[in-house]
Amino acid sequence: MTPKYRAAAKDDLIWHGLDSMMLLFHRPSGITHMLADPAPAILEAMEDAVLTAPEIADKMHSMFDIESDADSENIILARLEELSALGLVSRVSGA
């Protein structure tokens, strides 16, 4: 089964751009994270939905006019696992 993910609640995050990076303060943990592309775009594409990596790739394709292929899905899946380790994304079982 393809894993599904949910981004942290919008109210739990404060975004601030810094040159080519994005600072993201996660209120529940009290930690500020420095994110580089494509992590901020992935979180933006997820919104409040529970999505798989292919679904996120499709949304990013339409939102940002980028290619959606197996490589992009693998990159997104790797970033989702990193974001999950940071507590910014959670894996959803049974969704």
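Bear in mind these aren't lab numbers, they're just calculated from the coordinates by the rules spelled out. Not measured: the values here are computed from a predicted model. Don't worry about glycine lacking a Cβ; one is built from the backbone with ideal geometry, like all the others, and counts go over all protein chains shown.
For the reader, a short list of remarks on this structure follows.
- Distribution of pairwise C-alpha distances over the chain, 10 Å bins, in %: 16, 51, 29, 3
- For ALA78 and ARG27, a Förster radius of 25 Å and the Cβ-Cβ distance give a FRET efficiency of 0.45, rounded to the nearest 0.05.
- Computed from Cα positions, the angle between helix 70-86 and the longest principal axis of the chain comes to roughly 30 degrees.
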